[in-house]
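The values are calculated or read from the model by the stated rules, or taken from the named source; none is laboratory data. This is a predicted model, so every value here is computed, not measured. We place every Cβ from the backbone using ideal geometry, glycine too, and count neighbours over all the protein chains shown. Keep in mind that these areas ignore ligands, DNA and RNA; they rest on the heavy atoms of the full protein, side chains included. Shrake-Rupley method; radii C 1.70, N 1.55, O 1.52, S 1.80 Å.
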Amino acid sequence: MTKYTEIIDKYLDGEMSPQEALTFEQQIKTDPDLAYEVRLHQLAIAGVQHSEEARFQEFKTRMKTIESETKDETPVVRLNPKRSGAVRWAMRIAAVLVPLLFLYFLFPFSGNKNNPLAATTIQLVELHTTSSRGDAPSPQTTLLDEAIQSFQQKDYQAAIASFDQIIKTNPDQRATALYLKADALYRLGKKTEARNTLKKVLNEDDDALKTKVREVLDKL
Amino acid sequence: MTASTTPKMDEQRIIRLLKSDKQSEQEKGFAMLIAQKNNLLRNQNTYHLNNQDLEDIFYEALFILQDKIIINQFEYRKKGSLEAYFYTIIKGKISNQSKKKRLAELTGDRASEGDPLMSLFSYEALERVKEILDKKIGEDCRTVIMKHYYEGMKHKEIAEELGLSVGTIKNNSSGCMKKLKNFINQDEQLKKIIIDLLNNPS
(Lines give C-alpha, C1' and ligand atoms only; values in the text may rest on other atoms or scores of the structure.)
Protein backbone atom coordinates (compact mmCIF):
# COMPACT_ATOMS: atom_id res chain seq x y z
CA MET A 1 0.00 0.00 0.00
CA THR A 2 0.93 3.71 -0.28
CA LYS A 3 2.64 3.08 -3.63
CA TYR A 4 0.30 5.61 -5.23
CA THR A 5 1.17 8.56 -2.95
CA GLU A 6 3.30 10.38 -5.56
CA ILE A 7 0.74 9.73 -8.31
CA ILE A 8 -2.13 11.13 -6.20
CA ASP A 9 -0.03 14.19 -5.31
CA LYS A 10 0.89 14.67 -8.96
CA TYR A 11 -2.80 14.61 -9.87
CA LEU A 12 -3.76 17.06 -7.09
CA ASP A 13 -0.86 19.39 -7.89
CA GLY A 14 -2.09 19.60 -11.51
CA GLU A 15 1.15 18.12 -12.80
CA MET A 16 -0.54 15.49 -14.98
CA SER A 17 -1.33 16.02 -18.64
CA PRO A 18 -5.08 16.07 -19.41
CA GLN A 19 -4.82 12.54 -20.81
CA GLU A 20 -2.94 11.24 -17.77
CA ALA A 21 -5.50 12.85 -15.43
CA LEU A 22 -8.36 11.25 -17.33
CA THR A 23 -6.69 7.81 -17.27
CA PHE A 24 -6.05 8.22 -13.53
CA GLU A 25 -9.70 9.11 -12.83
CA GLN A 26 -10.86 6.06 -14.81
CA GLN A 27 -8.33 3.79 -13.08
CA ILE A 28 -9.85 4.57 -9.66
CA LYS A 29 -13.09 2.95 -10.83
CA THR A 30 -11.40 -0.28 -11.94
CA ASP A 31 -8.42 -0.69 -9.60
CA PRO A 32 -9.48 -1.56 -6.01
CA ASP A 33 -5.96 -0.95 -4.66
CA LEU A 34 -5.94 2.58 -6.04
CA ALA A 35 -9.50 3.22 -4.82
CA TYR A 36 -8.44 2.12 -1.32
CA GLU A 37 -5.39 4.35 -1.42
CA VAL A 38 -7.40 7.39 -2.51
CA ARG A 39 -9.64 6.86 0.55
CA LEU A 40 -6.54 6.42 2.70
CA HIS A 41 -5.14 9.67 1.31
CA GLN A 42 -8.45 11.42 2.05
CA LEU A 43 -8.36 10.21 5.65
CA ALA A 44 -4.72 11.29 6.07
CA ILE A 45 -5.40 14.81 4.75
CA ALA A 46 -8.61 15.09 6.79
CA GLY A 47 -6.61 14.06 9.87
CA VAL A 48 -3.98 16.70 9.12
CA GLN A 49 -6.72 19.36 8.96
CA HIS A 50 -8.36 17.99 12.10
CA SER A 51 -5.10 18.09 14.05
CA GLU A 52 -5.15 21.92 13.90
CA GLU A 53 -8.91 22.33 13.95
CA ALA A 54 -9.48 22.76 17.70
CA ARG A 55 -6.69 25.36 17.99
CA PHE A 56 -7.96 27.09 14.86
CA GLN A 57 -11.60 27.25 15.99
CA GLU A 58 -10.51 28.79 19.29
CA PHE A 59 -8.34 31.30 17.41
CA LYS A 60 -11.19 32.12 15.00
CA THR A 61 -13.58 32.83 17.87
CA ARG A 62 -11.00 35.18 19.35
CA MET A 63 -10.55 36.94 15.98
CA LYS A 64 -14.32 37.29 15.51
CA THR A 65 -14.56 38.96 18.91
CA ILE A 66 -11.75 41.37 18.01
CA GLU A 67 -13.43 42.08 14.67
CA SER A 68 -16.82 42.85 16.19
CA GLU A 69 -15.25 45.06 18.86
CA THR A 70 -13.18 47.07 16.38
CA LYS A 71 -16.07 47.47 13.92
CA ASP A 72 -17.87 49.68 16.41
CA GLU A 73 -14.81 51.91 16.69
CA THR A 74 -14.13 52.22 12.94
CA PRO A 75 -14.31 55.86 11.83
CA VAL A 76 -16.64 56.76 8.97
CA VAL A 77 -16.10 59.22 6.17
CA ARG A 78 -18.61 61.08 3.98
CA LEU A 79 -18.34 60.08 0.33
CA ASN A 80 -20.19 63.13 -0.91
CA PRO A 81 -18.70 66.17 0.79
CA LYS A 82 -19.39 69.60 -0.64
CA ARG A 83 -17.01 70.24 -3.55
CA SER A 84 -16.09 73.26 -5.64
CA GLY A 85 -17.48 73.72 -9.19
CA ALA A 86 -14.16 72.83 -10.83
CA VAL A 87 -13.89 69.60 -8.85
CA ARG A 88 -17.47 68.68 -9.75
CA TRP A 89 -16.71 69.19 -13.48
CA ALA A 90 -13.52 67.12 -13.19
CA MET A 91 -15.54 64.35 -11.54
CA ARG A 92 -18.12 64.43 -14.33
CA ILE A 93 -15.40 64.05 -16.97
CA ALA A 94 -13.82 61.24 -14.96
CA ALA A 95 -17.22 59.53 -14.73
CA VAL A 96 -17.25 59.28 -18.53
CA LEU A 97 -13.58 58.41 -19.04
CA VAL A 98 -13.13 55.85 -16.27
CA PRO A 99 -15.73 53.33 -17.57
CA LEU A 100 -14.22 53.63 -21.05
CA LEU A 101 -10.73 52.92 -19.70
CA PHE A 102 -12.17 50.10 -17.61
CA LEU A 103 -13.75 48.47 -20.67
CA TYR A 104 -10.52 48.90 -22.63
CA PHE A 105 -8.48 47.04 -19.99
CA LEU A 106 -11.21 44.52 -19.13
CA PHE A 107 -11.33 43.10 -22.61
CA PRO A 108 -7.80 42.53 -23.82
CA PHE A 109 -9.39 40.27 -26.46
CA SER A 110 -10.56 43.26 -28.43
CA GLY A 111 -6.98 44.35 -29.14
CA ASN A 112 -6.95 42.57 -32.46
CA LYS A 113 -9.31 44.67 -34.54
CA ASN A 114 -8.96 42.47 -37.65
CA ASN A 115 -9.80 39.28 -35.80
CA PRO A 116 -13.31 38.19 -36.86
CA LEU A 117 -13.54 35.82 -33.87
CA ALA A 118 -12.88 38.47 -31.20
CA ALA A 119 -16.41 39.84 -30.72
CA THR A 120 -17.97 36.43 -30.00
CA THR A 121 -15.04 35.54 -27.74
CA ILE A 122 -15.85 38.54 -25.55
CA GLN A 123 -19.51 37.50 -25.40
CA LEU A 124 -18.63 33.89 -24.48
CA VAL A 125 -16.30 35.01 -21.70
CA GLU A 126 -18.89 37.44 -20.34
CA LEU A 127 -21.53 34.70 -20.45
CA HIS A 128 -19.29 32.25 -18.60
CA THR A 129 -18.32 34.82 -15.97
CA THR A 130 -21.94 35.80 -15.35
CA SER A 131 -23.31 32.25 -15.23
CA SER A 132 -20.58 30.82 -12.98
CA ARG A 133 -20.70 33.69 -10.49
CA GLY A 134 -21.85 32.43 -7.10
CA ASP A 135 -21.74 28.77 -8.19
CA ALA A 136 -19.92 26.21 -6.13
CA PRO A 137 -16.58 25.66 -7.87
CA SER A 138 -16.18 22.44 -9.83
CA PRO A 139 -13.10 21.11 -11.67
CA GLN A 140 -14.86 22.02 -14.93
CA THR A 141 -15.57 25.68 -14.07
CA THR A 142 -12.09 26.03 -12.60
CA LEU A 143 -10.49 24.59 -15.73
CA LEU A 144 -12.42 26.95 -18.00
CA ASP A 145 -11.49 29.86 -15.71
CA GLU A 146 -7.83 28.85 -15.96
CA ALA A 147 -8.07 28.53 -19.72
CA ILE A 148 -9.66 31.98 -20.02
CA GLN A 149 -7.06 33.45 -17.69
CA SER A 150 -4.23 32.04 -19.85
CA PHE A 151 -6.01 33.42 -22.92
CA GLN A 152 -6.30 36.88 -21.35
CA GLN A 153 -2.62 36.77 -20.46
CA LYS A 154 -1.92 35.91 -24.12
CA ASP A 155 -0.48 32.53 -23.16
CA TYR A 156 -2.35 30.89 -26.03
CA GLN A 157 -0.44 27.59 -25.91
CA ALA A 158 -1.43 27.04 -22.28
CA ALA A 159 -5.00 28.13 -23.05
CA ILE A 160 -5.19 25.62 -25.95
CA ALA A 161 -3.96 22.79 -23.69
CA SER A 162 -6.72 23.58 -21.17
CA PHE A 163 -9.37 23.92 -23.90
CA ASP A 164 -8.34 20.49 -25.24
CA GLN A 165 -8.89 18.98 -21.82
CA ILE A 166 -12.36 20.55 -21.60
CA ILE A 167 -13.20 19.37 -25.13
CA LYS A 168 -12.31 15.81 -24.17
CA THR A 169 -13.95 15.70 -20.77
CA ASN A 170 -16.87 18.10 -20.63
CA PRO A 171 -19.59 17.95 -23.32
CA ASP A 172 -21.45 20.90 -21.71
CA GLN A 173 -18.58 23.30 -22.34
CA ARG A 174 -17.26 21.69 -25.52
CA ALA A 175 -18.77 24.21 -27.96
CA THR A 176 -17.41 27.19 -25.98
CA ALA A 177 -13.99 25.56 -25.61
CA LEU A 178 -13.82 24.75 -29.32
CA TYR A 179 -14.65 28.32 -30.27
CA LEU A 180 -12.14 29.84 -27.86
CA LYS A 181 -9.48 27.33 -28.93
CA ALA A 182 -10.09 28.39 -32.55
CA ASP A 183 -9.58 32.04 -31.54
CA ALA A 184 -6.35 31.15 -29.71
CA LEU A 185 -5.07 29.30 -32.80
CA TYR A 186 -6.03 32.27 -34.97
CA ARG A 187 -4.04 34.61 -32.71
CA LEU A 188 -1.04 32.28 -33.06
CA GLY A 189 -1.31 32.66 -36.85
CA LYS A 190 -2.56 29.07 -37.36
CA LYS A 191 -5.51 30.05 -39.52
CA THR A 192 -6.12 26.66 -41.15
CA GLU A 193 -6.17 24.91 -37.77
CA ALA A 194 -8.40 27.69 -36.42
CA ARG A 195 -10.83 27.17 -39.29
CA ASN A 196 -10.88 23.38 -38.83
CA THR A 197 -11.47 23.74 -35.08
CA LEU A 198 -14.23 26.25 -35.69
CA LYS A 199 -15.99 23.85 -38.04
CA LYS A 200 -16.23 21.32 -35.22
CA VAL A 201 -18.54 23.73 -33.36
CA LEU A 202 -21.09 23.02 -36.09
CA ASN A 203 -21.39 19.45 -34.76
CA GLU A 204 -22.39 20.70 -31.30
CA ASP A 205 -25.86 21.51 -29.94
CA ASP A 206 -25.40 25.24 -29.36
CA ASP A 207 -27.51 26.75 -32.17
CA ALA A 208 -26.76 30.40 -31.33
CA LEU A 209 -23.04 29.75 -31.41
CA LYS A 210 -23.35 27.77 -34.64
CA THR A 211 -24.95 30.80 -36.31
CA LYS A 212 -22.04 32.99 -35.18
CA VAL A 213 -19.56 30.40 -36.43
CA ARG A 214 -21.12 30.31 -39.89
CA GLU A 215 -20.82 34.12 -40.08
CA VAL A 216 -17.19 34.00 -38.92
CA LEU A 217 -16.24 31.17 -41.31
CA ASP A 218 -17.27 33.37 -44.24
CA LYS A 219 -14.85 36.08 -43.05
CA LEU A 220 -11.85 33.80 -42.33
CA MET B 1 -23.66 57.78 1.95
CA THR B 2 -20.91 56.64 4.28
CA ALA B 3 -18.18 54.03 4.17
CA SER B 4 -15.57 52.67 6.50
CA THR B 5 -12.07 54.00 6.06
CA THR B 6 -9.29 51.45 5.89
CA PRO B 7 -6.14 52.56 7.66
CA LYS B 8 -2.87 51.80 5.88
CA MET B 9 -0.91 48.80 7.08
CA ASP B 10 1.89 49.74 9.44
CA GLU B 11 3.71 46.44 9.02
CA GLN B 12 6.54 46.95 11.48
CA ARG B 13 4.06 47.92 14.17
CA ILE B 14 1.85 44.91 13.42
CA ILE B 15 4.81 42.53 13.74
CA ARG B 16 5.94 44.20 16.97
CA LEU B 17 2.42 43.91 18.40
CA LEU B 18 1.96 40.27 17.35
CA LYS B 19 5.27 39.36 18.97
CA SER B 20 4.31 41.04 22.22
CA ASP B 21 3.79 38.95 25.34
CA LYS B 22 0.79 41.06 26.28
CA GLN B 23 -2.52 39.76 24.96
CA SER B 24 -3.93 43.29 24.60
CA GLU B 25 -1.00 44.26 22.34
CA GLN B 26 -1.41 41.11 20.23
CA GLU B 27 -5.10 41.88 19.81
CA LYS B 28 -4.26 45.37 18.54
CA GLY B 29 -2.00 43.76 15.92
CA PHE B 30 -4.73 41.34 14.84
CA ALA B 31 -7.28 44.16 14.70
CA MET B 32 -4.99 46.06 12.32
CA LEU B 33 -4.75 43.01 10.04
CA ILE B 34 -8.48 42.27 10.22
CA ALA B 35 -9.15 45.86 9.17
CA GLN B 36 -7.36 44.98 5.91
CA LYS B 37 -9.43 41.81 5.30
CA ASN B 38 -11.28 43.03 2.22
CA ASN B 39 -8.11 44.50 0.70
CA LEU B 40 -6.12 41.36 1.34
CA LEU B 41 -8.75 39.04 -0.12
CA ARG B 42 -9.46 41.19 -3.16
CA ASN B 43 -8.50 39.43 -6.42
CA GLN B 44 -7.34 36.35 -4.52
CA ASN B 45 -10.38 34.18 -5.15
CA THR B 46 -9.21 32.47 -8.33
CA TYR B 47 -11.17 29.32 -7.52
CA HIS B 48 -14.47 31.17 -6.90
CA LEU B 49 -14.87 29.95 -3.34
CA ASN B 50 -17.98 31.06 -1.50
CA ASN B 51 -17.74 33.90 1.04
CA GLN B 52 -17.81 31.58 4.04
CA ASP B 53 -14.90 29.45 2.72
CA LEU B 54 -12.97 32.59 1.83
CA GLU B 55 -13.48 34.07 5.27
CA ASP B 56 -12.31 30.83 6.92
CA ILE B 57 -9.24 30.89 4.70
CA PHE B 58 -8.50 34.46 5.80
CA TYR B 59 -8.61 33.45 9.48
CA GLU B 60 -6.58 30.29 8.81
CA ALA B 61 -3.98 32.43 7.06
CA LEU B 62 -3.94 34.75 10.06
CA PHE B 63 -3.56 31.72 12.33
CA ILE B 64 -0.56 30.48 10.33
CA LEU B 65 0.97 33.96 10.14
CA GLN B 66 0.76 34.31 13.90
CA ASP B 67 2.64 31.05 14.43
CA LYS B 68 5.30 32.00 11.91
CA ILE B 69 5.85 35.44 13.38
CA ILE B 70 6.06 34.11 16.91
CA ILE B 71 8.66 31.46 16.04
CA ASN B 72 10.63 33.97 13.91
CA GLN B 73 10.09 32.21 10.58
CA PHE B 74 9.16 35.50 9.02
CA GLU B 75 11.90 38.08 8.63
CA TYR B 76 10.79 41.64 7.88
CA ARG B 77 12.96 43.03 5.10
CA LYS B 78 11.20 45.97 3.48
CA LYS B 79 7.87 47.75 3.26
CA GLY B 80 5.25 45.51 1.69
CA SER B 81 6.92 42.27 2.61
CA LEU B 82 4.41 41.37 5.34
CA GLU B 83 1.56 41.98 2.92
CA ALA B 84 3.30 39.88 0.23
CA TYR B 85 3.98 37.14 2.76
CA PHE B 86 0.36 37.13 3.87
CA TYR B 87 -0.76 36.89 0.23
CA THR B 88 1.46 33.83 -0.21
CA ILE B 89 -0.18 32.16 2.79
CA ILE B 90 -3.67 32.99 1.50
CA LYS B 91 -2.80 31.66 -1.95
CA GLY B 92 -1.46 28.44 -0.42
CA LYS B 93 -4.62 27.96 1.62
CA ILE B 94 -6.89 28.65 -1.37
CA SER B 95 -4.97 26.18 -3.53
CA ASN B 96 -5.11 23.64 -0.70
CA GLN B 97 -8.86 24.03 -0.39
CA SER B 98 -9.24 23.43 -4.11
CA LYS B 99 -7.05 20.30 -3.91
CA LYS B 100 -9.16 18.92 -1.07
CA LYS B 101 -12.31 19.44 -3.12
CA ARG B 102 -10.72 17.62 -6.07
CA LEU B 103 -9.67 14.78 -3.79
CA ALA B 104 -13.23 14.49 -2.42
CA GLU B 105 -14.66 14.53 -5.92
CA LEU B 106 -12.31 11.75 -7.05
CA THR B 107 -14.50 9.31 -5.13
CA GLY B 108 -17.70 11.00 -6.18
CA ASP B 109 -18.22 12.75 -2.86
CA ARG B 110 -19.88 16.10 -3.09
CA ALA B 111 -18.13 18.56 -0.81
CA SER B 112 -20.47 19.67 1.94
CA GLU B 113 -20.09 22.92 3.91
CA GLY B 114 -16.75 23.52 5.56
CA ASP B 115 -13.84 21.21 5.00
CA PRO B 116 -14.46 18.93 1.99
CA LEU B 117 -12.73 15.89 3.52
CA MET B 118 -13.35 16.08 7.25
CA SER B 119 -17.09 15.56 6.74
CA LEU B 120 -16.35 12.12 5.21
CA PHE B 121 -14.97 10.70 8.46
CA SER B 122 -16.13 10.41 12.07
CA TYR B 123 -14.64 12.54 14.83
CA GLU B 124 -13.16 9.39 16.43
CA ALA B 125 -11.40 8.41 13.20
CA LEU B 126 -9.92 11.90 12.84
CA GLU B 127 -8.77 11.87 16.46
CA ARG B 128 -6.93 8.57 15.86
CA VAL B 129 -5.10 10.12 12.88
CA LYS B 130 -4.27 13.18 14.99
CA GLU B 131 -2.74 10.88 17.59
CA ILE B 132 -0.54 9.27 14.92
CA LEU B 133 0.55 12.73 13.75
CA ASP B 134 1.31 13.89 17.28
CA LYS B 135 2.98 10.79 18.65
CA LYS B 136 4.19 8.40 15.99
CA ILE B 137 5.58 10.01 12.86
CA GLY B 138 8.18 12.28 14.46
CA GLU B 139 8.55 16.06 14.66
CA ASP B 140 10.41 16.53 11.35
CA CYS B 141 7.82 14.58 9.39
CA ARG B 142 4.99 16.36 11.14
CA THR B 143 6.49 19.75 10.24
CA VAL B 144 6.86 18.91 6.55
CA ILE B 145 3.39 17.36 6.34
CA MET B 146 1.77 20.34 8.07
CA LYS B 147 3.54 22.84 5.82
CA HIS B 148 2.67 21.04 2.58
CA TYR B 149 -0.73 19.51 3.31
CA TYR B 150 -2.16 21.98 5.86
CA GLU B 151 -0.60 25.33 4.98
CA GLY B 152 -0.56 24.50 1.25
CA MET B 153 3.08 25.56 0.85
CA LYS B 154 4.94 24.50 -2.27
CA HIS B 155 8.07 22.36 -1.91
CA LYS B 156 10.21 25.32 -3.00
CA GLU B 157 8.70 27.57 -0.32
CA ILE B 158 9.22 24.96 2.41
CA ALA B 159 12.83 24.46 1.26
CA GLU B 160 13.47 28.22 1.50
CA GLU B 161 11.85 28.48 4.91
CA LEU B 162 13.72 25.51 6.37
CA GLY B 163 17.00 26.16 4.52
CA LEU B 164 16.99 22.77 2.77
CA SER B 165 17.10 21.72 -0.88
CA VAL B 166 13.89 21.37 -2.88
CA GLY B 167 14.78 17.73 -3.68
CA THR B 168 15.12 16.90 0.01
CA ILE B 169 11.77 18.47 0.83
CA LYS B 170 10.06 16.74 -2.10
CA ASN B 171 11.36 13.35 -0.94
CA ASN B 172 10.56 14.08 2.71
CA SER B 173 7.07 15.26 1.86
CA SER B 174 6.00 12.12 0.02
CA GLY B 175 8.09 9.88 2.34
CA CYS B 176 6.41 11.33 5.43
CA MET B 177 2.97 11.09 3.84
CA LYS B 178 3.64 7.40 3.12
CA LYS B 179 4.73 6.95 6.72
CA LEU B 180 1.50 8.53 7.98
CA LYS B 181 -0.58 6.38 5.63
CA ASN B 182 1.26 3.24 6.70
CA PHE B 183 0.47 3.97 10.36
CA ILE B 184 -3.19 4.56 9.46
CA ASN B 185 -3.18 1.31 7.52
CA GLN B 186 -1.82 -0.59 10.50
CA ASP B 187 -4.72 0.62 12.64
CA GLU B 188 -7.43 -2.02 12.23
CA GLN B 189 -10.27 0.35 13.14
CA LEU B 190 -9.19 2.96 10.62
CA LYS B 191 -8.70 0.26 8.00
CA LYS B 192 -12.25 -0.94 8.63
CA ILE B 193 -13.59 2.62 8.26
CA ILE B 194 -11.95 2.92 4.84
CA ILE B 195 -13.24 -0.47 3.69
CA ASP B 196 -16.76 0.42 4.88
CA LEU B 197 -16.57 3.68 2.96
CA LEU B 198 -15.46 1.83 -0.18
CA ASN B 199 -18.34 -0.61 0.14
CA ASN B 200 -20.91 2.05 1.08
CA PRO B 201 -19.92 5.34 -0.51
CA SER B 202 -21.65 8.44 0.91
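In the full protein context, the protein assembly as shown carries 54 Å² of accessible surface per residue, based on a 1.4 Å probe and ignoring ligands, DNA and RNA. Based on Cα atoms of segment A:4-76, Rg over Rh with Rh as the Kirkwood radius reads 1.31.
Exposed loop GluC sites (Glu not before Pro) only (DSSP loop, at most 15 other Cβ atoms within 10 Å): please give the longest stretch of chain B free of them, not including the sites. Longest gap between qualifying sites, sites excluded: B:114-202.
Across segment A:86-93, rounded Karplus estimates of 3J(HN,Hα) from the backbone phi angles (6.51 cos²θ - 1.76 cosθ + 1.60, θ = phi - 60°) give 4, 5, 5, 5, 4, 5, 5, 4 Hz, Gly and Pro being marked x. Highest mobility in the GNM of chain B, judged by mean-square fluctuation with C-alpha springs under 10 Å and restricted to B:Lys178, B:Lys101, B:Lys22, is found for B:Lys22.
The mean count of C-beta atoms from other chains within 10 Å of the C-beta of residues in B:101-109, rounded to a whole number, is 6. Per the 1.4 Å probe, what fraction of the accessible area of the protein assembly as shown, in percent, lies on carbon and sulfur atoms? Here carbon and sulfur together make up 51 percent of the probe-accessible area. Peptide B:116-122 is shielded by partner chain Cβ atoms: per residue, an average of 5 of them sit within 10 Å of its Cβ.
Its Cα gyration tensor gives segment A:148-200 an equivalent ellipsoid. The semi-axes, each the square root of 5 times an eigenvalue, are 16, 14, 7 Å from largest down. Annotation note: trypsin sites (Lys or Arg not before Pro) in segment A:190-220 located in DSSP loop regions with a Cβ neighbour count of at most 16 within 10 Å are A:Lys190. Taking a straight line from the alpha carbon of A:Lys210, these aspartates and glutamates sit under 17 Å away, with near neighbours fewer than eight places off in the same chain left out: A:Asp172, A:Asp183, A:Asp218.
The orientation-averaged shadow of the Cα convex hull for chain B, equal to a quarter of the hull surface, comes to 14.1 nm². Phi-derived couplings, Karplus 6.51 cos²θ - 1.76 cosθ + 1.60 at θ = phi - 60°, listed residue by residue for segment B:164-176: 10, 7, 4, x, 4, 5, 4, 5, 4, 4, 6, x, 5 Hz, with x used for Gly and Pro.
In a simple Cβ point-charge model (Lys, Arg +1; Asp, Glu -1; nothing else charged), the protein assembly as shown has a dipole of about 1720 debye relative to its Cα centre. Chain B against chain A buries an accessible area of about 6000 Å², both chains summed, 1.4 Å probe radius. What separates the Cα centres of segment A:161-203 and segment A:1-26 is a distance of 25 Å.
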